[in-house]
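Worksheet: one structure, shown below.
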Amino acid sequence: MKKKIWILIVAVTVLLAVLFVPIPKGSLDDGGTRDYIALTYRIVDWNRISADGVYEKTRIYFGSDRKKSIDELWKMEAVNSENKFNATVLEIKDNTVLVEPIAYEPEALSANKIMFSVSDLEPIEVSEGSVVQITYKGGIMESYPAKINAVSWQISYDLRHLEYKDSWLNKSAAVQRNNNCFSDIRITKIYSNCFFATTVIPRPYEIKLNGNLGDEWCVGDQIICTYENVYFDELNLRYEADFKDVRSSDFKLDPNAAYKPVIYLYPEKETQVSVDLTLDGKLTCTYPAYNNGWTVTAAPDGTLTDAKGQTYNYLYWEGETYVQYDLSKGFCVKGEDTAEFLEDSLSKLGLNRKEANEFIVYWLPLMEQNEYNIISFQTDIYTDAAQLEVNPAPDTLIRVFMAWQASETAVDLPEQELTSPERNGFTVVEWGGTEIS
């Protein structure tokens with residue numbers, strides 16, 4: 001009797017092993033994909049090299065899919081996979097866009113013209129001749145023009161197929177500077193003969209570095225350059241230099257620093273205005289120079305003129321403080337939704353379109369690639385630590401200061417109510433922010 005029971009147990013074990021334990025079929029010559037099969041299912045550990053990179057996924061197939069060839073299964077995967085490419089816009093008609101893939105893109109080997117619908121995509125400011133980055137699902141349909149299922153698109157700043165030919169500096173006003181004016185920078189745009197960058201520690205100027213940047217570097221990369229032949233255009237806040245070499249940078253912003261607070265002055269008529277800042281900490285950078293305060297002549301449109309006749313759009317300062325910012329209330333925003341969130345929030349906080357645009361252009365590159373951003377607009381904590389005294393006293397004072405922190409997961413927190421006083425009379429507006437580590 002016992003012998004029969006053991007025989008039965010062994011038989012059931014063997015049967016279960018045959019049904020449920022996958023047997024490796026070997027590694028495929030496509031980059032290393034491994035195939036495992038059992039009687040009831042199949043596992044494919046995809047590691048397939050394609051023109052768009054390496055596709056790495058582990059999939060389990062049941063039923064009729066289990067019996068399909070590896071090429072048939074790959075076609076199924078390709079339908080759900082996402083690809084990206086850069087292209088020049090040739091034509092925009094109704095809700096359809098016709099583009100030409102950039103020559104170095106794999107898609108250019110499949111078609112010289114590709115069409116897609118934008119009816120379900122977020123609108124962007126684009127025109128014929130613009131370079132865009134398109135994300136699409138599945139393959140390229142064999143038609144003329146070819147067609148794709150686009151799921152998103154955005155303006156592309158990887159323009160290394162083009163040569164930059166425009167004038168960058170005001171040559172008559174630019175002055176030569178030494179070769180250590182800036183250190184850690186972030187790439188914002190790439191051309192064949194130069195690239196553009198901003199400093200990782202926020203500064204109120206842009207940088208053009210002449211020379212061919214290697215293919216290993218991309219827009220958004222944080223780097224350190226050595227460079228020479230440096231010129232600075234103070235009127236337009238622009239640097240230009242010839243770069244010698246580039247290496248990666250791992251510098252991180254100081255969590256105790258208040259970055260790029262800028263102050264706008266809008267009197268009802270041209271007025272001499274003095275501004276004093278009392279900071280719980282120390283100033284690390286100001287422009288124009290803060291000499292126990294700023295004194296400028298302000299015009300109703302916001303243009304500021306100093307005693308030397310130099311004009312400015314705003315007063316800029318940066319400083320290190322001892323403040324502990326409060327993130328107990330605020331918002332948790334997906335990185336990809338940050339621009340839309342800021343547009344809506346800054347409007348509620350009283351910034352006009354120009355001010356909000358300058359705020360977003362400054363902070364968005366640091367935030368939109370994160371999974372989530374925890375955002376809290378500081379009130380008394382900030383204004384008590386950075387006290388402003390303006391003479392003559394403004395009728396309306398709007399101060400917006402954003403503390404934010406990157407997060408890999410969504411966080412639930414009480415939402416802030418965002419309000420602003422109505423702009424009346426002499427109006428002073430300030431915005432700034434800090435990243436919390």
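The values are calculated or read from the model by the stated rules, or taken from the named source; none is laboratory data. Being a predicted model, the structure only gives us computed values, none of them experimental. So basically every Cβ, Gly included, is an ideal-geometry build from the backbone, and we count neighbours across all protein chains shown. Surface accessibility is based on the protein's heavy atoms, side chains included, excluding ligands, DNA and RNA. Shrake-Rupley method; radii C 1.70, N 1.55, O 1.52, S 1.80 Å.
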| field | segment 149-160: number of residues that are open to solvent by less than 50 Å² (accessible area, probe 1.4 Å) and over 17 Å from the mean Cα position of the chain (by Cα) | value | 2
| message | Under 8 Å between Cβ atoms, which residue pairs at least 6 apart in sequence (or on different chains) link something in segment 268-288 that is at positive phi with a partner that is acidic (D, E) and in a strand (DSSP E or B)? | response | G281/E320
| query | So which strands (runs of 3 or more DSSP E) stay within segment 317-419 end to end and still have 3 or more residues that are closer than 26 Å to P300 by Cβ and open to solvent by 30 Å² or more (accessible area, probe 1.4 Å)? | reply | 386-391
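Here is a yes/no grid of residues against (1) surrounded by fewer than 20 Cβ atoms within 10 Å (Cβ to Cβ); (2) of a type in the set (A, V, I, L, M); (3) under 19 Å from Q369 (Cα atoms):
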{"residue": "V175", "(1), (2), (3)": "yes, yes, no"}
{"residue": "S183", "(1), (2), (3)": "yes, no, no"}
{"residue": "I201", "(1), (2), (3)": "yes, yes, yes"}
{"residue": "G211", "(1), (2), (3)": "yes, no, no"}
| task | Any chance you could count how many residues in segment 213-239 are out of contact with any Pro (no Cβ under 9 Å at 6 or more places or on another chain), open to solvent by less than 40 Å² (accessible area, probe 1.4 Å) and aliphatic (A, V, I, L, M)? | result | 4
| message | Name the single residue that is modelled with the lowest pLDDT among those in segment 220-233 being among the charged types (D, E, K, R) and within 17 Å of T198 (Cβ to Cβ). | response | D233
| remark: Here the residues within segment 187-207 that are closer than 19 Å to L169 by Cβ and over 19 Å from the mean Cα position of the chain (by Cα) are N193, C194
| said: Out of everything in segment 240-273 that is at pLDDT 90 or above and among the polar types (S, T, N, Q), what residue ends up being surrounded by the fewest Cβ atoms within 10 Å (Cβ to Cβ)? | reply: S248
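Rundown of residues vs (1) basic (K, R); (2) surrounded by fewer than 16 Cβ atoms within 10 Å (Cβ to Cβ); (3) not in a strand (DSSP E or B), yes/no style:
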| site | (1), (2), (3) |
| --- | --- |
| Q133 | no, no, no |
| I140 | no, no, no |
| Y144 | no, yes, yes |
| K147 | yes, no, no |
| L162 | no, yes, yes |
| S167 | no, yes, yes |
| S172 | no, yes, yes |
| I190 | no, no, no |
| T198 | no, no, no |
| query | Do any strands (runs of 3 or more DSSP E) entirely within segment 218-306 hold 3 or more residues that are over 25 Å from L351 (Cβ atoms), and if so, which? | reply | 222-233, 238-248
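Just name the residue that is modelled with the lowest pLDDT out of those in segment 347-400 that are among the acidic types (D, E) and in contact with a Gly (Cβ under 8 Å, 6 or more places away or on another chain). It would help to see each step written out before you state the result.
Keep residues of segment 347-400 that are among the acidic types (D, E), which gives 355, 358, 368, 371, 380, 384, 389, 395.
From what's left, in contact with a Gly (Cβ under 8 Å, 6 or more places away or on another chain): 368, 371, 395.
Working: E368: 88, E371: 93, D395: 97.
If we take residues in segment 347-400 being among the acidic types (D, E) and in contact with a Gly (Cβ under 8 Å, 6 or more places away or on another chain), then E368 is modelled with the lowest pLDDT.
Condition check ((1) in contact (Cβ under 8 Å) with a residue 40 or more places away in the chain; (2) in a helix (DSSP H, G or I); (3) small (G, A, S)) across all residues:
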position: R66; (1), (2), (3): no, yes, no
position: E72; (1), (2), (3): no, yes, no
position: K75; (1), (2), (3): no, yes, no
position: K84; (1), (2), (3): yes, no, no
position: T88; (1), (2), (3): yes, no, no
position: L98; (1), (2), (3): yes, no, no
position: E105; (1), (2), (3): no, no, no
position: A108; (1), (2), (3): no, yes, yes
